[in-house]
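Worksheet: one structure, shown below.
The values are calculated or read from the model by the stated rules, or taken from the named source; none is laboratory data. All values derive from a computational prediction rather than experimental measurement. Areas reflect the complete protein model, heavy atoms only, side chains present, ligands, DNA and RNA absent. Shrake-Rupley method; radii C 1.70, N 1.55, O 1.52, S 1.80 Å.
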Amino acid sequence: MLARIALVMVSLELAGCAAIRPPAPPPELARAEAAIRGATQEGAGADRRAAMHLALARSELAQARRRLSVGDLEAARWLLRRAEVDAELSTLIVREAGLRDAAGRTLDQASTLAEGAR
C-alpha cells in the first residue's frame, strides 16, 4: 500500500515537471537566426541600406523572443517571419552592390579595350 502511494506521488511530481517545461521553439526561430547570421557573414553591416534591414531583423527577432517568453506564439511566429525576410533582403542588397561593382569594373575594362583597339 505504501509503495503504491509513493509511486503515485512520484508520478504526480514527474507530471508536474513535464507541465512546467516550456514549449519547443517554432521552426521560424531557427530560420530567422540563420538568415541573420547569413546576412552578417555577407557583410551587411558595411552597407548602409543592408545594415538598416539587418538591424530591423535583429529587432524583430528580439521582439519575437519576448512574445515567446509570454506564450504569444502567433505574434512571435509573425515577427520571426518578418525577421527572416528582412535579413534575406539585407543579404540581397549586399549581393546586388557587389554585382553592380563588378559590372562597373567590366564596363571600364571594356571601354579601355575598345580605346586600345582604335
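Over all directions, how big on average is the projection of the convex hull of the alpha-carbon atoms in the chain, in square nanometres?
10.8
Just want to confirm a number: the relative contact order over the chain, from Cα pairs under 8 angstrom separated by 6+ residues, in percent.
Dividing the mean separation by the residue count of the chain yields 29 percent.
Could you order GLU84, GLU115, GLU42 by accessible surface area, starting with the largest, using a probe radius of 1.4 Å?
Sorted by accessible area, descending: GLU115, GLU42, GLU84.
Could you list, bin by bin from short to long, the percent of Cα-Cα pairs of region 56-96 in 10 Å steps?
Taking all Cα pairs of region 56-96, the binned fractions are 36, 43, 16, 5 percent.
Given the rule -39500 (n - 2.57) for each run of at least 4 DSSP H residues, summed and divided by the residues of the chain, what is its mean residue ellipticity at 222 nm, to the nearest 500 deg cm²/dmol?
Helices in the chain give a 222 nm mean residue ellipticity of -30500 deg cm²/dmol.
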